[in-house]
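One structure below.
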Amino acid sequence: MKKAFSLLILLCLAGAFSFAQDYGAVKGTVTDPEGNPLPGVNVTLTGSKTPPRTTVTSEKGNFRFLNLPVASDYAVKFELLGFKTILREKQVISYGKDVIYDVKMEQATLAEEVTVVGRTPVIDTKRTQVGVNITSDQIMSLPTSRNPWVMMALAPGMMIDREDVGGSDAGQQSAYYGHGSSGGDQTWNVDGANITDYSALGAAPAYLNLASYEELQINYGNNDVRTQTGGVQINFVTKRGGNNFSGSFYMDAEDKNWQSKNFTTELKNQGFQPPGINRIYLYGANFGGPLIKDHAWFYGSWGIQDLHTLTISGAKDDTWLQSGYAKLDFQLSKNTRASGFLEYDSKIKFGRTAWGSSYQAPETLYNQDGPTYIVKGELEQMFGNLFLNAKVIYSHNSFYLHPALGSRQPFGQGPIMRRTYSPSEYHTGNVDDYGTVRPTFNVNFNGNLFVEDVLGANHEIKFGADYVQSTVSTYDLYQDNYEVVDYGDGWVEAWLHQDYLLNLWLAKYAVFAQDTMTWGKFSLNLGLRFDIEDSRAKNEHQPASPWLSKYLGDITLTEAKPPKTLNTLSPRLSLIYDLTGDGKNVFKINVARYGSQSGYNLGGFINPLGWREIDLRWVDKNGDNKLQADELFGTDWDTSEPTVDPLNPDGWSYYSGFDLANPLSSTPFNKVDSNYTSPVLDELSVSFEKEIISDFVARVEFFYKKSHNLTWDKGIMSDGSIETADNYYVAGHNSQIDKDYYGRYAYPSASYRTNSENSYTRYIAGELVLKKRLSNNWMLDGSITYMDWKYFYGGDYLNPSNVVYYDGGVQAPQSGGSGFSDVFVNSRWMGKLTGLYQFPFGLNASFTFLAREGYVIPTYVKVTMPRIGSGRNLYGHAGGGGLFGDTRLSNFTELNLRLEKVFKLTEATTVVVAADAFNALNSNTTLAKVGQITSTKFMVTQRILNPRVFRFGIRFTF
């Protein structure tokens with residue numbers, strides 16, 4: 001009873017940190033041939049990345065070694081007088097994975113030793129989390145461009161918004177989605193410490209160079225209680241110095257002369273140019289070793305990605321990525337370890353697109369620059385069965401998007417940004433000038449306590465606490481504070497802007513507790529997590545716009561604080577049953593609820609100095625193609641003519657960012673429902689894992705996920721009431737898609753944030769995963785996924801215009817913000833296969849193969865919805881009917897090949913010469929088509945897969 005009470009107290013005091021996982025661990029039980037536990041067995045663990053560690057099995061025969069660096073050369077020795085010594089050599093430790101041994105020691109009359117080489121258990125019998133660990137050998141030996149997004153594309157069930165051929169898109173981040181989770185719920189980590197960019201949730205703060213890292217860990221489901229969200233969790237595992245000096249140097253090159261041709265006549269006839277590689281160079285070095293043997297080690301890495309590509313518009317897209325880090329590890333005492341880490345990343349890019357090279361002229365491109373720094377310190381301590389770890393990490397992310405034509409000129413002296421939507425979308429003239437600084441500070445603490453024989457079970461208790469503070473300072477400036485938008489048929493608008501100068505602040509607090517209870521073959525995980533998120537707008541000033549200063553006038557803010565924080569309680573439960581008791585046939589079930597990471601959600605929503613814009617009709621009276629104040633008009637919605645006084649909001653096509661009744665007030669005008677809470681994701685998964693042969697495991701898994709409690713923003717009317725469907729009326733009928741569309745009777749004066757009680761997304765999937773660890777000269781990873789990911793309104797909507805199209809249609813997130821805007825990510829089936837075989841004479845051959853259903857093409861017409869906006873998309877199919885997801889691109893396949901020759905100079909020194917063939921079959925699969933039904937380019941191809949290209953490289957390792 002005393003033990004049970006102590007256990008309860010520990011659980012109550014426990015808390016959480018965001019994502020941080022253990023490094024690797026070796027755990028297990030030692031028994032005699034009859035299955036009786038053997039206490040007092042001396043267990044010794046050795047490896048190149050850590051000094052020798054020793055322990056003695058407990059009364060129940062248990063032992064464990066925690067926080068082990070990633071390596072594949074561990075040895076574990078079991079010794080007890082009167083029993084045969086057992087030695088397990090070449091054991092593999094991966095990040096976040098437990099290696100669990102069930103060791104049976106046989107009696108011996110003489111000193112005998114049994115050696116087992118290379119066989120490491122491949123099924124984790126204590127955790128249900130699913131994902132992949134991609135090792136440095138796979139990173140360097142598979143035919144990929146070695147960036148995180150192409151590696152994610154190889155993971156089961158993961159969908160990426162672009163197809164990278166040999167590095168053709170390595171200079172820009174990809175959007176990615178995994179197993180029904182929101183893109184905003186993804187996190188990025190280094191050695192388990194959170195570096196997520198909270199201003200662009202789901203995005204990385206830097207372009208970390210994969211060739212510098214020991215492993216890339218991608219978890220996509222069943223996240224345990226240490227993780228806030230149910231999204232994809234990305235973790236970079238740094239290399240570490242050991243007692244021997246080691247390192248590598250690599251160089252790879254691609255050139256346009258090594259590239260094939262796959263350009264189509266359809267694209268050539270539109271005036272497009274063949275896209276592809278101009279030249280690419282990847283090179284870098286890694287080096288580490290001992291400062292003081294068994295006590296202090298160093299490691300350093302530096303890498304360059306020099307990327308020169310050609311877009312389909314004929315423009316150059318050049319990117320220079322630098323990435324390097326230095327790391328120190330210390331064994332301060334037998335039970336005390338510390339480490340320090342400093343990383344520098346920099347990106348310089350010429351020719352970044354905003355909408356896609358098919359949709360914009362060269363003068364609308366960006367030139368990008370900006371460095372990122374990451375600093376991390378870590379301390380860990382063992383007290384018997386209690387393990388404690390503390391991390392502090394600071395990341396300073398900044399980048400700037402400079403217009404290709406240069407910074408903003410004095411008023412009236414620079415070209416204006418112009419959008420055209422008729423007959424097709426195209427952007428000319430100029431682009432906005434953007435910059436942002438996004439520092440983040442994170443402190444987290446976690447512990448692990450092992451307790452035996454309480455309530456008849458062994459208990460592994462995890463607990464911790466986490467604190468995050470982040471700020472963002474952003475500017476976004478338009479030449480002359482407006483842009484021109486031409487919808488055709490004489491409908492031209494001027495979108496008037498105020499300088500966007502933003503300062504937001506957030507803080508996150510979290511605690512968690514989890515107990516892993518084991519009774520023989522059965523394990524039960526129970527966990528609970530509590531998160532608090534707070535965000536505010538602070539210290540902002542926006543000068544008056546030269547247009548409509550009555551509404552877009554000078555305004556200053558000291559602080560705007562939401563009326564509440566977001567508090568989320570997240571329970572987790574998982575069951576694991578080892579059917580045969582040998583870790584080779586394991587059944588798992590997981591039930592969990594996750595909150596969403598809100599970032600600056602509420603702080604940005606209530607900010608009275610947000611994005612301030614008014615859209616009006618422009619009639620160029622004097623024909624000089626320059627906007628004057630007397631050329632601005634509102635729209636008479638009865639006649640559709642530009643005749644309304646521009647100061648009358650009823651004639652505006654759109655506005656945002658201020659209170660109509662008091663536009664220059666710095667008092668928040670948007671309201672938040674007192675019952676508003678974070679959206680949540682509920683998850684149920686069932687899986688069965690079977691070890692088919694040594695080092696080869698198959699897993700069948702099923703997922704059901706439901707995202708609900710979704711955010712719903714409604715209007716606040718001038719009388720203070722909340723907007724209802726009664727404010728909408730049928731404004732017209734479009735015969736091409738046979739649909740009505742709607743307008744508003746009156747503009748809302750502000751917005752009201754609440755939760756939808758009935759709308760939700762639903763994800764159902766079945767998946768087969770195969771994994772063969774590299775042994776006996778071959779490795780293999782494969783998966784087949786079938787999924788059904790849909791959205792349902794449940795009656796929660798105000799504007800009916802597009803409800804019929806989306807309700808019950810697929811959930812297909814639109815890519816945007818990283819160079820593409822015409823990709824809608826959803827494949828109902830996908831298959832992935834990677835493999836490597838080691839032939840005699842040092843020849844290795846490897847491949848990656850991907851196949852999936854084509855992504856979605858939304859089809860639509862442009863209509864004007866009074867008091868909602870002009871040029872709005874009304875979705876549907878020609879002739880009527882149909883759902884979102886019915887129209888798709890062609891199915892996609894891509895094969896990449898690699899051949900390498902390994903020259904072994906010494907036992908530890910090798911030289912590898914390699915050749916890669918990307919898009920080996922030279923496919924020209926269509927990746928984008930125009931979905932605007934009224935466009936002269938409707939369903940015309942706008943982008944294809946880049947042509948086959950060869951890469952040649954050399955790598956020296958010692």
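For the structure I just gave you, tell me whether V472 is open to solvent by 30 Å² or more (accessible area, probe 1.4 Å), in contact (Cβ under 8 Å) with a residue 40 or more places away in the chain, within 30 Å of L504 (Cα to Cα) and within 24 Å of the chain's Cα centre (by Cα).
Judged against the criteria, V472 is not a match.
Within the stretch 58-93, track down each residue that is under 41 Å from the mean Cα position of the chain (by Cα), free of Cβ contacts under 8 Å to residues at least 60 places away in the same chain and closer than 15 Å to P37 by Cα.
F63 - this is the single residue of the stretch 58-93 that is under 41 Å from the mean Cα position of the chain (by Cα), free of Cβ contacts under 8 Å to residues at least 60 places away in the same chain and closer than 15 Å to P37 by Cα.
Could you please find all residues in the stretch 691-703 being within 29 Å of the chain's Cα centre (by Cα), open to solvent by 50 Å² or more (accessible area, probe 1.4 Å) and of a type in the set (A, V, I, L, M)?
Listed by number, the list holds a single entry, V700.
What's the number of the only condition in (1) open to solvent by 10 Å² or more (accessible area, probe 1.4 Å); (2) in contact (Cβ under 8 Å) with a residue 40 or more places away in the chain; (3) within 22 Å of A560 (Cβ to Cβ) that I614 fails to meet?
Unmet condition: (1).
Of all residues in the stretch 314-343 being surrounded by 21 or more Cβ atoms within 10 Å (Cβ to Cβ) and hydroxyl-bearing (S, T, Y), which is nearest to G192 (Cα to Cα)?
Y325
Under 9 Å between Cβ atoms, which residue pairs at least 6 apart in sequence (or on different chains) link something in the stretch 691-707 that is at pLDDT below 95 with a partner that is crowded, with 18+ Cβ neighbours inside 10 Å and polar (S, T, N, Q)?
Going by the 9 Å Cβ cut-off, the qualifying pairs are D695/T120.
Which one is modelled with the lowest pLDDT among residues in the stretch 12-48 that are closer than 30 Å to Q597 by Cα and surrounded by fewer than 18 Cβ atoms within 10 Å (Cβ to Cβ)?
Only one residue tops the list, namely L13.
In the set S212, S199, S181, S174, which member is open to solvent by less than 10 Å² (accessible area, probe 1.4 Å), of a type in the set (S, T, Y) and under 25 Å from F350 (Cβ atoms)?
Among S212, S199, S181, S174, only S212 is open to solvent by less than 10 Å² (accessible area, probe 1.4 Å), of a type in the set (S, T, Y) and under 25 Å from F350 (Cβ atoms).
Looking at S346, S422, S358, S398, which one is open to solvent by 50 Å² or more (accessible area, probe 1.4 Å) and either modelled with pLDDT under 95 or hydroxyl-bearing (S, T, Y) (or both)?
Of S346, S422, S358, S398, the one residue that is open to solvent by 50 Å² or more (accessible area, probe 1.4 Å) and either modelled with pLDDT under 95 or hydroxyl-bearing (S, T, Y) (or both) is S422.
Take the residues of the stretch 861-906 that are of a type in the set (V, I, T) and not in a strand (DSSP E or B): which is most open to solvent (accessible area, probe 1.4 Å)?
Ranking the candidates gives T906 first.
Would you check if S749 is modelled with pLDDT of 95 or more and not aromatic (F, W, Y)?
It is false that S749 is modelled with pLDDT of 95 or more and not aromatic (F, W, Y).
For the stretch 248-272, what are the residues that are part of a loop (DSSP other than H, G, I, E, B) and open to solvent by less than 70 Å² (accessible area, probe 1.4 Å)?
Across the stretch 248-272, the qualifying residues are S260, N262, F263, T264, Q270, G271, F272.
Please list, ordered by residue number, the strands (runs of 3 or more DSSP E) wholly in the stretch 350-456 having 3 or more residues that are on the phi > 0 side of the Ramachandran plot.
Result: empty, no element qualifies.
For the stretch 571-600, what are the residues that are hydroxyl-bearing (S, T, Y) and over 25 Å from the mean Cα position of the chain (by Cα)?
Passing the criteria: Y577, T580.
When only residues in the stretch 475-517 that are under 30 Å from T196 (Cβ atoms) and polar (S, T, N, Q) count, which is farthest from the chain's Cα centre (by Cα)?
It comes out as Q498.
So for the stretch 548-559 (the condition being open to solvent by 40 Å² or more (accessible area, probe 1.4 Å), assigned to a strand (DSSP E or B) and farther than 20 Å from F658 by Cβ), does at least one residue qualify?
Looking through the stretch 548-559, none of the residues is open to solvent by 40 Å² or more (accessible area, probe 1.4 Å), assigned to a strand (DSSP E or B) and farther than 20 Å from F658 by Cβ.
Residues in the stretch 569-587 that are open to solvent by less than 10 Å² (accessible area, probe 1.4 Å) and of a type outside the set (G, A, S): how many?
2
Taking the residues in the stretch 378-395 that are within 25 Å of the chain's Cα centre (by Cα) and open to solvent by 30 Å² or more (accessible area, probe 1.4 Å) as candidates, determine which candidate is nearest to N625 (Cα to Cα).
Y394
Given the conditions (1) open to solvent by 40 Å² or more (accessible area, probe 1.4 Å); (2) on the phi > 0 side of the Ramachandran plot; (3) within 33 Å of the chain's Cα centre (by Cα), report the number of the one that K706 does not fulfil.
So the condition that K706 fails would be (2).
Does the stretch 744-765 hold any residues that are hydrophobic (A, V, I, L, M, F, W, C) and not in a strand (DSSP E or B), and which are they?
A746, the sole residue that qualifies.
If you scan the stretch 681-730, which residues turn out to be touching a Ser or Thr at 6+ places or on another chain (Cβ under 8 Å) and hydrophobic (A, V, I, L, M, F, W, C)?
L681, V700, F702, F703, L710, W712, I716, M717
Could you list all residues from the stretch 273-301 that are closer than 30 Å to V949 by Cβ, touching a Ser or Thr at 6+ places or on another chain (Cβ under 8 Å) and open to solvent by 20 Å² or more (accessible area, probe 1.4 Å)?
Once the filter is applied, which keeps residues that are closer than 30 Å to V949 by Cβ, touching a Ser or Thr at 6+ places or on another chain (Cβ under 8 Å) and open to solvent by 20 Å² or more (accessible area, probe 1.4 Å), the stretch 273-301 yields Q273, N278, A285.
Can you name every residue in the stretch 937-958 that is open to solvent by 60 Å² or more (accessible area, probe 1.4 Å) and in a strand (DSSP E or B)?
F938, F950, F952, I954, F956
Please work out which residue is modelled with the highest pLDDT, limiting yourself to the stretch 618-654 and to residues that are open to solvent by 30 Å² or more (accessible area, probe 1.4 Å) and aromatic (F, W, Y).
Here the answer is F633.
Could you give me the residue pairs with C-beta distances under 7 Å whose first residue belongs to the stretch 739-761 and is in contact (Cβ under 8 Å) with a residue 24 or more places away in the chain, whose second residue is buried (at least 18 other Cβ atoms within 10 Å of the Cβ) and among the acidic types (D, E) wherever it lies, and which are 6+ apart or on separate chains?
Listed by first residue and then by second, the contacts come to P748/E723.
Within the stretch 294-303, is even one residue part of a strand (DSSP E or B) and within 22 Å of F350 (Cβ to Cβ)?
yes
For the stretch 798-819, which positions are closer than 25 Å to Y728 by Cα, open to solvent by less than 10 Å² (accessible area, probe 1.4 Å) and of a type outside the set (S, T, Y)?
G809
Return yes or no: is L921 of a type in the set (A, V, I, L, M) and in contact (Cβ under 8 Å) with a residue 24 or more places away in the chain?
The answer is yes for L921.
From A560, A592, which residue is among the small types (G, A, S) and more than 30 Å from V697 (Cβ to Cβ)?
Step by step, each of A560, A592 is checked, and only A560 is among the small types (G, A, S) and more than 30 Å from V697 (Cβ to Cβ).
The values are calculated or read from the model by the stated rules, or taken from the named source; none is laboratory data. What you see is a predicted model, and the numbers here were worked out from it, not measured in a lab. FYI the Cβ positions are ideal-geometry reconstructions off the backbone, even for glycines, and counts take in every protein chain you see. The area values use the complete protein model at the heavy-atom level, side chains included, leaving out ligands, DNA and RNA. Shrake-Rupley method; radii C 1.70, N 1.55, O 1.52, S 1.80 Å.
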